[in-house]
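Encoded as structure tokens, the structure appears first; notes follow it.
The values are calculated or read from the model by the stated rules, or taken from the named source; none is laboratory data. The shown structure was predicted, so the numbers you read here are calculated from the model rather than taken from an experiment. Positions of Cβ are backbone-derived with ideal geometry, glycine not excepted, and every protein chain shown enters the neighbour counts.
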Amino acid sequence: MAYTEKDKILMKVQKPTRYTGGELNSIVKDKNSVDCRFGFCFPDVYEIAMSNLGMKILYHTLNERPDTYCERIFAPWVDMEEEMRKRDMKLFSLETGDDADKFDILGFTLGYELCYSNVLNMLNLSDIPLLAKDRDESFPIICGGGLCAYNAEPIAEIFDFFMLGEGEETINLITEEYIKWKKSGKKCKKDYLRAIAKLDGIYVPSFYDVEYNSDNTIKSITPNEDCAKPKIRKTIMQDFDKAYTPETLVVPFGEVVHDRVMLEVMRGCIRGCRFCEAGYAYRPARNRSYETLTELADKLLGCSGYDEISLSSLSTSDYTELRELTDNLLKITEEKKIGLSLPSLRIDNFSLELMDKVQKVRKSGITFAPEAGTQRLRDVINKNITEENVLTSAKMLFLGGWTNVKLYFMIGLPSETDEDVLGIAELSKNILGEYFSIPKESRAKNINITVSTSSFIPKPFTAFQWSKQDTRQEIVRKQDILKKAINAKQIRYIWHDNKTSYLEGVFARGDRRLLPAIIEAVKNGCKFDSWDEQYKFDEWLKAFKTCGIDPDWYLRERAYDEILPWEHIDIGITKEFFMRENEKAKSAQTTPNCREKCSGCGMRAFGAGVCCE
Amino acid sequence: MAYTSGFNPHPIMTIAMPLSVGVTSETEYMKIGFSEDYSEEEVKERLNSAFPKGISVLAVKKLDGKETDFAKINKVVYKTEIECNDTSLFDDKEFMKNNSLVVMKKTKSGEKESDIRPYIYDFFAEKIDKTKMTVNMCIAAGNDYNLKGETVLLAMEKYSKGLKITFSCSHRVKILANDREIL
């Protein structure tokens with residue numbers, strides 16, 4: 001038998017099945033008989049990449065096309081990268097093992113800001129020049145999508161184009177245009193970009209010039225090509241129930257983060273939490289019918305052999321056919337001895353009965369996300385739940401035998417006072433009080449409450465996009481207040497590291513001038529920034545300094561009339577709506593959810609989902 | 001399929017000596033419990049239609065209860081391809097003449113020294129060129145004493161002066177229970 005260089009490395013690295021490919025249901029095609037080879041790049045390690053629903057959908061969407069072969073290309077873990085660099089091995093795909101620079105198109109998923117360094121590192125590993133302007137027609141076209149693509153300005157100049165919004169249709173269109181361009185001789189890259197710039201949801205960064213004022217704010221964002229629209233609007237799947245969804249899935253050899261069948265029951269969210277970019281960006285909320293989902297569940301379980309299925313959405317409790325769906329699913333899961341998990345159920349319409357049916361025996365942990373400690377602050381962020389809601393559901397849980405409760409909060413929210421921070425301790429204490437109010441014989445032993453806080457990061461396309469982000473010192477101070485205030489031995493407090501939130505905040509509302517610092521940091525070894533043990537905060541600070549950038553500047557409060565770096569992007573929600581929401585936040589007024597009452601955010605123009613109910 | 005009873009039912013299925021990642025094989029055995037009666041032929045056909053490329057069911061035999069006990073597995077035959085600094089530094093007959101081969105061996109409670117010589121039953125090397133050779137070995141496996149191929153390679157290096165193995169890749173040829181092939 002002949003061994004490749006890759007085989008020899010694999011015996012030396014952790015978890016070699018991250019790199020082997022060949023999993024059940026992975027797509028095998030003849031690479032020589034297709035017109036387009038698409039490398040689906042995920043800038044994180046295999047276990048994260050393979051848990052990503054978007055990746056699963058688009059991988060199979062593209063592979064439905066006989067003219068295209070979509071392969072997966074993931075970031076190698078640091079040990080693998082070291083071995084590869086020692087041998088001058090380039091980044092490779094899992095399916096054919098071919099080098100990434102041999103592909104026609106490389107498409108990156110940008111799910112979170114801290115993956116930016118990995119995008120650069122992956123291009124480095126492929127020997128592909130970083131800047132779009134330095135790549136001629138002989139290099140792959142580099143594109144990006146995902147939630148962060150709405151403001152990926154810090155790395156915009158790396159990309160030939162971005163796909164804004166839901167990509168199931170767009171990715172087909174840009175592939176078709178690519179094949180046309182390739183067949184016409186691939187003469188000028190700009191011709192291809194001009195052709196796709198006309199499509200909905202396509203943003204070509206090089207077609208826009210950004211000018212700055214002397215105070216560093218943005219003066220203008222101007223199209224420099226006729227085909228470039230002044231505002232680029234995102235795309236959505238109009239009829240989500242009928243939209244293509246894969247009836248197969250790749251089954252990893254090793255364990256991954258979400259190692260189960262994921263059923264996307266709903267896209268978008270009706271809630272309107274003012275801090276949540278996903279909640280706004282995926283609007284309007286659209287259901288998939290329970291009949292479609294039942295059929296899909298059966299097929300996905302059958303082809304994968306998984307013994308667990310979970311419902312996926314931003315807020316599963318708001319799925320209108322939850323009862324019908326779970327009744328159907330329970331029939332399948334009971335017969336086939338399959339586990340059903342129901343994440344992201346809200347506590348205000350929590351169904352204990354359902355939980356009871358699903359988790360007949362195992363009382364695993366339950367997570368609540370009140371997000372803020374006081375009612376005032378919960379109203380500010382439009383998290384429409386009351387302390388009474390939380391306490392009532394906690395009591396129901398304790399009576400039902402659950403003893404493991406996790407509570408998620410954010411600190412650093414707009415208008416937050418020390419009283420609000422102390423409210424987190426107070427609420428946790430009251431939950432513990434509910435447990436002790438139950439007679440000993442009716443409650444299970446060993447109550448365990450975990451309070452976890454993350455730091456609030458103002459995100460683009462939210463009501464808080466203008467807000468100031470708390471300094472690291474301020475976050476630490478608030479964490480200390482909380483540490484002191486939580487003293488019951490049954491309550492454990494864990495907090496999120498402020499250094500990663502800092503960088504995430506800088507990138508989230510960053511502009512094109514950050515790129516030199518990112519290039520510098522990657523040169524000095526920064527990668528896998530979302531992995532605590534890999535994160536090199538000092539290198540980042542050094543890189544900003546070297547490039548003459550003050551990262552704090554990106555965390556300041558911004559005025560309504562300031563031109564934001566994402567001003568030319570249109571997610572369908574008007575700036576006026578966000579301003580209204582921000583003003584209401586200042587006076588702690590809530591906004592009803594989309595199903596209760598339309599608040600006129602602008603999404604109705606898309607004529608889909610909850611807007612048409 | 002038949003499932004275990006209890007809080008978390010799982011399919012009744014046992015794989016004999018599961019292979020480590022990176023080892024190939026031509027002989028694997030598994031036992032599956034069914035809740036209904038199927039013919040051997042049907043089980044073979046249906047598994048083969050579902051198995052991924054590279055794995056196929058060669059034979060199926062219906063068992064009653066405890067018959068064919070995987071706990072009786074005692075030997076495994078490997079064919080291991082080796083790349084090293086110099087194959088002339090190794091002599092299989094000399095190697096086997098050692099009365100004891102003491103190497104560090106991983107156990108449940110950590111690493112400790114162990115004499116593996118009694119557990120190597122058959123061993124011969126085919127030299128391909130200066131750096132490559134193939135080693136065929138029949139070694140102990142199973143509940144009583146489980147010897148890994150890599151541990152034998154450690155002994156090869158330790159007991160052959162100057163030998164450095166730079167790469168190895170194993171292939172399982174046989175699994176024996178009570179010294180006999182299972183099916």
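Each row is one residue, and each column tells you yes or no for (1) more than 22 Å from A:Arg274 (Cα to Cα); (2) assigned to a helix (DSSP H, G or I); (3) of a type in the set (S, T, N, Q).
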residue: A:Trp402; (1), (2), (3): yes, no, no
residue: A:Val405; (1), (2), (3): yes, no, no
residue: A:Phe409; (1), (2), (3): no, no, no
residue: A:Val421; (1), (2), (3): no, yes, no
residue: A:Ile424; (1), (2), (3): no, yes, no
residue: A:Ile431; (1), (2), (3): yes, yes, no
residue: A:Asn446; (1), (2), (3): yes, no, yes
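Condition check for B:Ala140 on (1) away from every other protein chain (no Cβ under 14 Å); (2) over 20 Å from the mean Cα position of the chain (by Cα); (3) not basic (Lys, Arg): one failure, at (2). Put simply, of A:Leu125, A:Leu110, A:Leu94 the only residue that is touching a Pro at 6+ places or on another chain (Cβ under 9 Å), in contact (Cβ under 8 Å) with a residue 40 or more places away in the chain and closer than 22 Å to A:Ile57 by Cα is A:Leu110. Counted as qualifying within the stretch B:1-99 are the strands (runs of 3 or more DSSP E) with 3 or more residues that are in contact (Cβ under 8 Å) with a residue 40 or more places away in the chain, surrounded by 15 or more Cβ atoms within 10 Å (Cβ to Cβ) and more than 14 Å from chain A (Cβ to nearest Cβ), namely B:73-84. Where helices (runs of 4 or more DSSP H) fall wholly inside the stretch A:497-613, the ranges with 2 or more residues that are under 30 Å from A:Lys478 (Cα atoms) and without any contact (Cβ under 8 Å) to a residue 60 or more places away in the chain are A:498-508, A:537-546, A:575-586. Considering each residue of the stretch A:74-88 in turn, at least one proves to be away from chain B (no Cβ under 14 Å) and in a strand (DSSP E or B). When A:Asn32, A:Asn52, A:Asn25, A:Asn63 are checked against the criterion of being polar (S, T, N, Q) and on the phi > 0 side of the Ramachandran plot, A:Asn25 stands alone in meeting it.
For the structure I just gave you, tell me whether A:Phe74 is assigned by TED's automatic domain parsing to the domain that holds A:Glu176, of a type in the set (A, V, I, L, M, F, W, C), in contact (Cβ under 8 Å) with a residue 60 or more places away in the chain and closer than 26 Å to A:Lys182 by Cα. Answer is no for this residue. Criterion applied to A:Pro76, A:Pro43 was being of a type outside the set (Ser, Thr, Tyr), at pLDDT 95 or above, more than 24 Å from A:Glu169 (Cα to Cα) and within 25 Å of the chain's Cα centre (by Cα), and the one residue passing it is A:Pro76.
Within the stretch A:286-312, if we keep just the residues that are more than 14 Å from chain B (Cβ to nearest Cβ) and touching a Lys or Arg at 6+ places or on another chain (Cβ under 7 Å), the residue that is nearest to B:Met1 (Cα to Cα) turns out to be A:Ile309. In the stretch A:444-473, the qualifying residues are those that are crowded, with 20+ Cβ neighbours inside 10 Å and of a type in the set (D, E, K, R), and the one that is nearest to A:Met579 (Cα to Cα) is A:Lys459. For the stretch A:24-46, the candidate set comprises residues that are within 11 Å of chain B (Cβ to nearest Cβ) and out of contact with any Leu (no Cβ under 8 Å at 6 or more places or on another chain); within that set, the residue that is surrounded by the most Cβ atoms within 10 Å (Cβ to Cβ) is A:Leu24. For A:Asn328, the criteria (1) crowded, with 19+ Cβ neighbours inside 10 Å; (2) touching a helix residue (DSSP H, G or I) at 6+ places or on another chain (Cβ under 8 Å); (3) modelled with pLDDT of 90 or more hold in every case but one, which is (1).
Within the set A:Ile347, A:Ile385, A:Ile366, A:Ile381, the sole residue that is under 28 Å from the mean Cα position of the chain (by Cα), at pLDDT 95 or above and among the β-branched types (Val, Ile, Thr) turns out to be A:Ile381.
As a summary of the residue check, A:Asp532 satisfies the conditions (1) surrounded by 17 or more Cβ atoms within 10 Å (Cβ to Cβ); (2) more than 14 Å from A:Ser117 (Cβ to Cβ) except for the one numbered (1). Of the set (1) crowded, with 20+ Cβ neighbours inside 10 Å; (2) within 27 Å of A:Glu169 (Cβ to Cβ); (3) away from every other protein chain (no Cβ under 14 Å), all apply to A:Glu95 but (3).
The set of residues from the stretch B:24-42 being more than 20 Å from B:Thr14 (Cβ to Cβ) and in contact with a strand residue (DSSP E or B) (Cβ under 7 Å, 6 or more places away or on another chain) comprises just one member, B:Thr24. In the stretch A:307-323, the residue that is modelled with the lowest pLDDT out of those that are among the small types (Gly, Ala, Ser) and over 18 Å from A:Ala281 (Cα atoms) is A:Ser317. Scanning the stretch B:141-180 for residues that are surrounded by 15 or more Cβ atoms within 10 Å (Cβ to Cβ) and under 17 Å from B:Asp69 (Cβ atoms) returns B:Ala141, B:Gly142, B:Asn146, B:Ile175, B:Leu176, B:Ala177. Residues that are in contact with a Lys or Arg (Cβ under 6 Å, 6 or more places away or on another chain) and free of Cβ contacts under 8 Å to residues at least 40 places away in the same chain within the stretch B:100-129 comprise B:Ser100, B:Ser114, listed in sequence order.
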